[in-house]
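Reviewing the structure listed below.
Laboratory data are not the source of any read-out in this text; all were calculated from the coordinates shown. Values in this document were obtained by computation on a predicted structure and should not be read as measured data. So basically every Cβ, Gly included, is an ideal-geometry build from the backbone, and we count neighbours across all protein chains shown.
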């Protein structure tokens, strides 16, 4: 795909739009269908499109595997951290009501942070899986 100019231009134009849509799904997920899992998959599709167009080496330069491993771990820590924080503040595990001065504000903050952790983990793991399976193995 080195000489396919149209595909390269469309990918450069489309990738930011895909990422913007993923952010919309991420932060609008507490009001409508969507959320962290869907946003993570949409975000990873932008990276996969880039990798399919420009090659695996270019994608690894864009986002190295160490950053993806860190993102996957950080997302799980964010998710668990919200649960532990709610327990420290006197509630049950993942009881968002205690995270702010009013229960409704706590619910809103809690779900946004939880969905952020889920989105980060899903996006990182999806791209890591793609990178792992797309490597060529020589016998």
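Note on the chain: with a GNM built from Cα contacts shorter than 10 Å, the maximum mean-square fluctuation among 128, 116, 14 falls on 14. With a ≥ b ≥ c the root eigenvalues of the C-alpha gyration tensor of the stretch 70-130, is it rounded (a/c under 1.5), prolate (a/b larger than b/c) or oblate? Since a/c reaches 1.5 and a/b is larger than b/c, the shape of the stretch 70-130 is classed as prolate. Computed over the stretch 5-134, the range of Cα coordinates on each principal axis works out to 57, 28, 17 Å, biggest value leading. If you run the Gaussian network model on the chain, springs between alpha carbon atoms under 10 Å, then out of 86, 73, 101 the most flexible one is 101.
The label point for residue 28 and the one for residue 41, both projected 7 Å from the Cα toward the Cβ, are 1.8 nm apart.
Taking all Cα pairs closer than 8 Å and separated by 6 or more residues, the relative contact order of the stretch 57-139 comes to 33 percent.
Which whole-angstrom value gives the distance between the alpha carbon centres of the stretch 64-92 and the stretch 4-59? Their Cα centres are 23 Å away from one another. Among 125, 84, 25, the largest mean-square fluctuation in a Gaussian network model of the chain (Cα springs under 10 Å) belongs to 84.
Sequence gap at least 6, Cα distance under 8 Å: using those rules, report the relative contact order of the stretch 5-134 to the nearest whole percent.
Values: 179 pairs, mean separation 39.9, N = 130.
So the answer I get is 31 percent.
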